[in-house]
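Read-outs throughout are calculated quantities, based only on the coordinates presented, and are distinct from any laboratory measurement. Everything numeric here is computed off the predicted structure, so don't read it as measured data. With ideal geometry, Cβ positions are generated from the backbone for all residues, glycine too; neighbour counts draw on all protein chains shown.
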Amino acid sequence: MICDVCGHGMRLVPTAEPDVKTLWICAWCHAWTVLGHLPHEVSRPQYAPVNLRWERADSTGLPTGVLHAYGHFGTTLCGLRDEGLSASPYPWVPEWDSACPGCRSAAAEIDGRWPVEMRDGNREWAPPPPGSHWPPF
């Protein structure tokens, strides 16, 4: 699948959510495309600024005292990898004193990869799959 935001290839990411058939995330700009998420067959979350975009990484193997952002590919945004790494239900905010400087830098770089014209709700809405009974929005 090709990213509708930046044109780079997207990666299929495993998900345990029961309503999600597949989750695709762009390795370049981290835009998501979710197939099968109810009530829509196709969902493409819109742009979110850096301080509203990332979840805090959760793992017993991460260093204490520093908050890392979850990077969606089994790593933090700064590249730390741990066997049990996952996204926590809590936000990661780069302005916090305890935010990892490497994650902060990576988040700013990823944010810069979103074209300005894609930041105002301008992501393409993909049509529902053939045979779907869901409305095309």
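Using the count of nearby Cβ atoms within 10 Å as a rough guide to exposure, how do Val42, Val66, Val5, Val116 rank from fewest to most? Each step should come with its number before you reach the end.
Details: Val42 19, Val66 15, Val5 26, Val116 8.
Neighbour counts put them in this order, fewest first: Val116, Val66, Val42, Val5.
What is the extension gain from Thr64 to Asp82, computed as 0.36 nm multiplied by their sequence separation minus the C-alpha to C-alpha distance, in nm to one decimal? The partial results should precede the final answer.
Numbers: separation 18, 0.36 × 18 = 6.48 nm, distance 1.38 nm.
Here the answer is 5.1 nm.
For Trp24, Trp54, what ranking results if the residue with the fewest other Cβ atoms within 10 Å of its Cβ goes first? Walk me through the numbers before you get to the answer.
Details: Trp24 18, Trp54 26.
Starting with the residue having the fewest Cβ neighbours, the order is Trp24, Trp54.
What is the gain in length, in nm to one decimal, between Tyr90 and Ala16 on full extension, counting 0.36 nm per residue of separation less the C-alpha to C-alpha distance?
Working: separation 74, 0.36 × 74 = 26.64 nm, distance 1.83 nm.
Length gained between Tyr90 and Ala16: 24.8 nm.
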## Note on the structure
proj_area_mean for the stretch 50-112 (convex hull on C-alpha atoms), units nm², value 3.8
